[in-house]
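Read the figures in this text as sums done on the coordinates, not as results from a lab. Bear in mind that the values here come from a model prediction, so they are computed numbers and not experimental data. Every residue, glycine among them, receives a Cβ derived from its backbone with ideal geometry; neighbour counts consider all protein chains shown.
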There are 2 protein chains.
Amino acid sequence: MGIVTSLPPSELQSSVPVVTGPVAAGGEDVLTRLVALIGEDLSACNTAIVARMHSQVALIPQLAAHIVAAGGKRLRPVLTLACARMCGYAGDRHINLAACVEFIHTATLLHDDVVDESVLRRGLASANAIFGNKASVLVGDFLFARAFQLMVADGSLEVLGILSQAAATIAEGEVLQLATQNDLGTDEARYLDVVRGKTAALFAAACEVGAVVADRPAAEAAALREYGTCLGIAFQLVDDALDYAADQETLGKTVGDDFREGKITLPVLVAYAAGSEADRVFWRRVIEDSEQTEADLAHAMALMENVDAIRITLDRAAEFADAAKAQLAVFPDSAYRASLMEVADYTVSRVR
Amino acid sequence: MGIVTSLPPSELQSSVPVVTGPVAAGGEDVLTRLVALIGEDLSACNTAIVARMHSQVALIPQLAAHIVAAGGKRLRPVLTLACARMCGYAGDRHINLAACVEFIHTATLLHDDVVDESVLRRGLASANAIFGNKASVLVGDFLFARAFQLMVADGSLEVLGILSQAAATIAEGEVLQLATQNDLGTDEARYLDVVRGKTAALFAAACEVGAVVADRPAAEAAALREYGTCLGIAFQLVDDALDYAADQETLGKTVGDDFREGKITLPVLVAYAAGSEADRVFWRRVIEDSEQTEADLAHAMALMENVDAIRITLDRAAEFADAAKAQLAVFPDSAYRASLMEVADYTVSRVR
C-alpha cells in the first residue's frame, strides 16, 4: 500500500520552474517530517481504510483498492490526523474519521473519472478505463455510503454535519464547473467558486474535523476550516497550472486533460485576458468551440508562456498558501503546527 | 408537480395480463385511498423536496426537478409517511425523512441512468439523455449529500444508521448486478441478492424509519423492515417481468432495456432453465455474448411465453407480496394498515 513515504519521485520534482512564491524545504523532507509525527495514526488509518472498504461483492474491494491503495498521498486524511493532534487530541476517533475523509475523496475521484474521461490518474490506468463507467459510479456510491456509516458509528452529529455539507458543496462545485465549461466569459471569482467547491470544501472539512474531535473552541475550528480552504485553493491552482506545465512521464498525470475538455482554469483565463485578438480567436476555437488539432496544446502552452500565465497562477497559489499559514497563528507553537505550515509551502513548491 | 393523484393512466392499466396471483382492488382506488389518508403529509413532503433540492448552482434544481418532480409515484416516501402514521406518530419529522428517502432514490435513478443508458424513464427522455452523463452523476451526488444533511438536521443517529446502511447495500446490489450481467450461470438466489440490494433495501429502510420516528419497539421496526423488503422484491420482480411484457407506449418505459444490457432477471433465468438446447444457444448468444439482432427481443418474448416465464415471475412476486402483508399482523387494524396491505397487492396487480 502506498503511504506518504512511498511517494513517486514525480511528486517531488518536476521540470516546471516556479518563478516566484515562497520556497519551502524539499518536499521529501516536509512529508517525511509530517509522517514521522503522525506515522502511527496514518498506519492505523490505512488499516481502517482497507478493513472498511471490504464487501462480500468482490468487485468493490478490487476496484476500491485500485484507487484507494494505489499510492495516493493521503493528503486529506493526513490533515485530519495532524490537525487533531495539533489540537491536543489524545483519543483514536480521528483515525476512522480520517478514513471517512479519504473515502469521500476517493468517491469523488471515481465519479470524476467518469466525468473527465481521464486515461491516467496517479500514473496508473484510471479505474474507469479498467473497470468501466458503471463500476466507477457504483463503487464511488458505496464508498460514500460507507463513509457515512463510519461517521454514524463515531456518533458525532457535528462531524456528520460538517462532512455532509462538504459532500453537497463538492457536488455543487463540480456542477458549477460543468456549467462554466467552454465558457471564456467566466471570471476569476466564478472560477474560484468552482475551486472552493470541488477541492477546497473537503480540505476545509478534513481540517475542521480535527478541531471538533478534540472538542476545541469554535474559533479554532473556524481557523482550521479556513486553513483548509486556503490550502485547498492553493493546491488546486497548482494542479491547474500543472495541467499545462508538467511533464506527463514524470508527473504521472495526463497533461492537457483540462485543455481537451475545455475546462476553464486560471491559466486559460489569464492567457485569454492578456492575449492579442488573434490569440483570443485561438482560445475561442479550442475552448469554446472545442475544435482542437494535435498542435493546439503546444500552441496554448506557448501563449501562456508569452503572458506568464503559469507564473501568475502559481503566484495566486502562493498567496493562498500564505493565507492558510496565517490561520495557524491562533495555535501554540508545536511540531504539528510547524509541519502544517510546511505543508502549505509544499503545496506550492511541489511543482519545482 | 406530479403527486400520486396525477399518475399517468399508463401506471394504472396495461395490456399485460396477470395469469395468476392475488387480485387487488383497482390500482386507482388503492392509491386514492392511501393519498386521502396521508395527503397533507405528502403535500408537505413534496414542498420539502422542492425546497431542499434548491442550490445557487442553477443546473442542480433544473436537472433534479426533471426527475424528482416529473410525476414519479413517490412510492418510497409514501411508505415512510404511511408507516409513521400507522405507528401512531403525531409529529412532523417524518416529512423531511420521507424527503430524504426520495432524494436517495432519485440519486440512484440518476446514477442508474448513467449505468443503464436508458433512453426513456417514466415516459420522458431521461435526465442523462438531456443533460449528459456528467450532470447526472454529479446531481445524484448532490441529492445524496443533501439527504444526509437533512438527516443530520433531524438529529437521529438511528435513522442515519438505517439510511446510510441502505445506501451502502443499494450500491452493493448494483455492483453485484454488474458482476452477474451476461452470466446465465447466475441462480435465482443470487438474482434475489441483487434485488434485495438494488431495490428492496430502500423500501425496507423507508418503512423501518416510520417505526423508528414513532419510537416503537424493535419488533415493530423489524416487522416494517421485513414488510418493505418483501414489498421491494415483489415490486422489482414485476418490473423485471414488465421489461419483457409491457407495451412501451402505454407504460412509458423502454421495453427490452434489460435484454439489451444482458441483465440477468428471473424471466430470463426461467426461460433459460426450461428452454430446449436450441433455445439455450439463443440465450447464450444474446445474453452472454451480447450479439443481438432486431428480431431477437420478439423471439426472447416468444420463448418466455412458451415456458410461462412471465407468469412464473409474477407468481413469485405475488408470494413476496403475501409475505409482506403477513408482517403487518403485529399492528392493530387501522385505515393505514389496510392501505399498506392493499399497496402490496397493488404492486403485483399494477401489471393488469
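Odds and ends about this structure:
- With the simple spin-label model, which puts each label point 7 Å out from Cα in the Cβ direction, the A:Ala90 to B:Asp92 separation comes to 4.6 nm.
- Cα point-scatterer Debye curve for the range B:185-322, base-10 log of I(q)/I(0) at q = 0.08 Å⁻¹: -0.26
- Other-copy label distances relative to B:Ala36, 7 angstrom Cα-Cβ extension, nm: 7.8
- Label point of A:Ala329 (7 Å along Cα→beta-carbon): distances to the other copies' equivalent points are 7.2 nm, sorted ascending.
- With its label point put 7 Å out from Cα toward Cβ, A:Asp183 sits 4.4 nm from the same residue's point in the other copies, in order from shortest.
- Test item: A:102-114 mean partner chain Cβ contacts at 10 Å: 2
- Phi to ³J(HN,Hα) by Karplus 6.51 cos²θ - 1.76 cosθ + 1.60 over the range B:311-320, Hz, x for Gly, Pro: 4, 4, 5, 5, 4, 4, 4, 5, 4, 5
- At full extension, B:Asn306 and B:Asp333 could sit 5.4 nm farther apart than now, given 0.36 nm per residue minus the alpha carbon distance.
- For the residue pairs A:Lys134/B:Lys263; B:Lys198/B:Lys263; A:Lys134/B:Lys73, the C-alpha atoms sit more than 20 angstrom apart in A:Lys134/B:Lys73.
- Stokes-Einstein D in µm²/s, Kirkwood radius over Cα pairs - the range B:18-349 at 37 °C with 0.692 mPa s viscosity: 161
- Listed by Cβ neighbour count within 10 Å, with the fewest neighbours leading, A:Ser339, B:Ser136, A:Ser290 appear as A:Ser290, A:Ser339, B:Ser136.
- Averaged over the residues of peptide A:146-158, the number of Cβ atoms from other protein chains lying within 10 Å of each residue's Cβ is 5.
- Computed FRET value (nearest 0.05) for A:Arg284 with B:Val50, which takes r as the C-beta separation and R₀ as 30 Å: 0.20
- Taking 7 Å steps out from each Cα toward its Cβ at A:Ala326 and B:Ser276 produces label points 8.3 nm apart.
- Local net charge near A:His94, Cβ-Cβ under 13 Å (Lys/Arg +1, Asp/Glu -1): -3
- Descending by average beta-carbon neighbour count within 10 Å, the peptides A:326-334, A:152-160 line up as A:152-160, A:326-334, the highest first.
- Neighbouring partner chain Cβ atoms per residue of B:49-61, average, 10 Å criterion: 3
- For the peptides B:276-284, B:46-54, the ranking by packing is B:46-54, B:276-284, with the highest mean count of neighbouring Cβ atoms within 10 Å listed first.
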